[in-house]
Amino acid sequence: MICSTNNPAARRYMWRFSVTMLLYLVFLVIAVWTFVHRHPTGPLAWLLAFLPALAILGQIAAFGLYLGEEKDEFQVALGVKSMLWGIGGTLAVTVTWGFLENFPQLRHLDLILVYPIFCALSGIAYGLLQLRYR
Amino acid sequence: MEQQINNPARNHLNDRALFFLMPLLATVIVLAIWGFGYHHIQPSSGMALFLGTLVALGYIGQIVIFGLYLAEEKDEFERMVLSQSMLWGVGATMIFTSSWGVLELFDKVRHLNPVYFLPLFCFFMATARILIKRRYR
């Protein structure tokens with residue numbers, strides 16, 4: 001697994017990913033708490049909404065750095081492929097859901113769930129690709 | 001231009017886009033504008049799911065065609081540019097949807113239909129590709 005590897009690029013990536021994931025959770029809690037208790041409006045509301053996205057930006061940057069630092073071409077290809085499957089799956093789910101939202105039976109998709117869906121699908125794709133090439 | 005013509009991966013991409021993707025996207029556009037937009041189609045739950053999946057097929061096809069191109073492309077530089085632009089596209093789309101999601105959660109903005117995510121992703125990715133190519137020119 002990537003977590004138990006001796007590969008320095010992978011180790012750095014895991015460290016950066018963990019820090020940004022922690023920041024994402026902290027920022028999300030801060031944003032939700034402030035919206036619930038302080039009811040911000042105007043630029044402050046937009047700024048708070050952007051806080052969790054800032055951590056997402058950090059995670060994407062961490063992945064970009066990993067792709068740049070990783071010496072093993074095979075691992076780079078795996079990373080890119082799993083991201084492609086992740087975004088493909090996410091877009092397929094969201095587009096299908098979006099069209100079904102035209103009908104009253106279906107509730108609106110919370111957009112806050114899009115990034116976790118992407119992460120989950122990319123993770124599953126990474127696992128499956130690793131199994132395929134084992 | 002000649003390089004593009006002699007590139008088999010690019011030729012495959014063009015063929016797949018022309019013969020598979022375009023008919024699918026044409027179906028999606030007709031269905032979206034005529035069927036759903038003007039409410040000519042009022043499907044039941046099962047039919048709605050089928051039509052929704054049919055619509056998503058066009059988008060899935062686009063991703064599959066892109067993935068195949070990425071696997072077949074021999075030019076390392078082109079692959080690197082595409083991977084980087086995809087990463088920027090994903091990042092920008094996720095930032096936009098997450099920020100909008102938080103604002104939407106507390107009724108600060110109206111609901112954004114997830115159908116618009118793919119055009120948004122394509123726009124961000126194309127912009128990133130142009131900027132990355134310009135950087136390496």
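Every number in this text was worked out from the coordinates using simple rules, so none of it is lab data. Since the structure is predicted, the reported quantities are computational estimates derived from the model, not experimental observations. All Cβ positions, even for glycine, are placed from backbone atoms using ideal geometry, and neighbour counts span all protein chains on display.
Listed values, structure above:
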item: Number of partner chain Cβ atoms within 10 Å, mean per residue of B:109-120; result: 6
item: Cα-based reach from A:Lys81 at 22 Å (exclusive), listing lysines while leaving out same-chain residues under 8 positions away; result: A:Lys71, B:Lys74, B:Lys133
item: More than 19 angstrom apart: percent of Cα pairs within the range A:1-71; result: 45 percent
item: 222 nm mean residue ellipticity, helices alone, for chain A (DSSP H n ≥ 4; -39,500 (n - 2.57); rounded to 500); result: -28000 deg cm²/dmol
item: Förster-model FRET efficiency, 30 Å R0, B:Asp107 and A:Leu22, C-beta, rounded to 0.05; result: 0.60
item: q = 0.18, 0.20 Å⁻¹, the range B:62-137: log10 I(q)/I(0) [Debye, one scatterer per Cα]; result: -0.77, -0.88
item: Tail weight of P(r) past 20 Å, computed on alpha-carbon pairs of chain A, percent; result: 57 percent
item: Per-residue Cβ neighbour rank within 10 angstrom, fewest leading, A:His37, A:His108; result: A:His37, A:His108
item: Against the rule of thumb 2.2 N^0.38 Å, how large the Cα Rg of chain B comes out; result: 1.26
item: Over the protein assembly as shown: Rg over Rh, Cα atoms, Kirkwood Rh; result: 0.99
item: Approximate spin-label separation B:Asn14-A:Leu47, in nm, with each point projected 7 Å along Cα-to-Cβ; result: 5.2 nm
